[in-house]
1. Using the Karplus equation 6.51 cos²θ - 1.76 cosθ + 1.60 (θ = phi - 60°), what ³J(HN,Hα) coupling, rounded to whole Hz, does each residue of segment 94-99 give in order, writing x for Gly and Pro?
2. Which angle between 0 and 90 degrees, to the nearest 10, do you get for helix 69-82 versus the longest principal axis of the chain when only C-alpha atoms count?
3. Sequence-distant or interchain residues sharing an amide H contact under 5 Å with Ile23, placed H: which?
4. Please report the antiparallel percentage of the DSSP beta bridges confined to the chain, to the nearest 5.
5. What are the residues whose amide H is under 5 Å from the amide H of Val121, where those residues sit 5 or more places off or on another chain and H is modelled from the backbone?
6. Near the amide H of Val126, under 5 Å away, which other amide H atoms are found, from residues 5 or more places off or on another chain, if H is placed in the peptide plane?
7. Please compare each pair in Lys131/Lys152; Lys32/Lys152; Lys43/Lys155; Lys32/Lys155 to a cut-off of 30 Å on the Cα-Cα distance and tell me which ones are over it.
8. Between beta-carbons, use under 12 Å as the cut-off and find the net charge around His146, counting Lys and Arg +1, Asp and Glu -1.
Amino acid sequence: LWRGVFEVVSARERAGISTRSLIPMQTVFARKAPDAAGTRRYKARAVVCGNFQKESPAEGDLFTANVDIASFRLAMSLAATHRWHIGGLDVSTAFLNADLPHASGEVYCTPPPDFVRFGLVPPGEVWRIRKALYGLRVAPRAWAEHRDGALKELKLSVGGATAHLEQSDADPALW
């Protein structure tokens, strides 16, 4: 289904899944800050209630590293001194780009009750999660691994030459 985030579990397979292993989901509604024209946007997204998910020894570290402010300031200073081009990016629906690690096993969720109430899914439907959906315990780490792998392979064309990114040894979130 949407971007391969989940697939609907068949009725036959659903019969073999313990209700205790089903993780609930909820809908999160947000009102975004007004844009330059004063227009407000409203967002809704489905998230997993990760607090219901059992811990797994295969999880390892669960965080996504962010650039330390001291590293950022140093990079800005070096860029200004050497007249380097710099850039930043924000990835839309970032976690949904990353596959769940196989070590985390199968993850089954019940869609948000709002989805049933609004007629988007039938009652009793179960989803097998395939991507690092928001709220899953392993989602931040899965995204970090996906992001770092993609940045290592990224090739950029700069003034007719091909360039690549290098990960900082001092701050692995800085490229």
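1. Whole-Hz 3J(HN,Hα) from phi for segment 94-99: 3, 4, 6, 7, 9, 6.
2. 40
3. The answer is Tyr108, Cys109, Thr110.
4. Working: 17 of 20 bridges.
Here the share of antiparallel DSSP bridges comes out near 85 percent.
5. When sequence neighbours closer than 5 places are left aside, the close amide H contacts are Val116.
6. Amide H neighbours of Val126: Val9.
7. Values: Lys131/Lys152 21 Å; Lys32/Lys152 33 Å; Lys43/Lys155 33 Å; Lys32/Lys155 34 Å.
Result: Lys32/Lys152; Lys43/Lys155; Lys32/Lys155 exceed 30 Å.
8. On the way: positive: Lys131, Arg141, Arg147, Lys152; negative: Asp99, Glu145, Asp148, Glu153.
Within the 12 Å Cβ shell, the charges total 0.
The values are calculated or read from the model by the stated rules, or taken from the named source; none is laboratory data. From a predicted model like this one, the values you see are computed outputs, not experimental measurements. Cβ atoms come from the backbone with ideal geometry, glycine included; neighbour counts cover every protein chain shown. The protein model used for the area step is the full one, side chains on, heavy atoms only, and it has no ligands, DNA or RNA in it. Shrake-Rupley method; radii C 1.70, N 1.55, O 1.52, S 1.80 Å.
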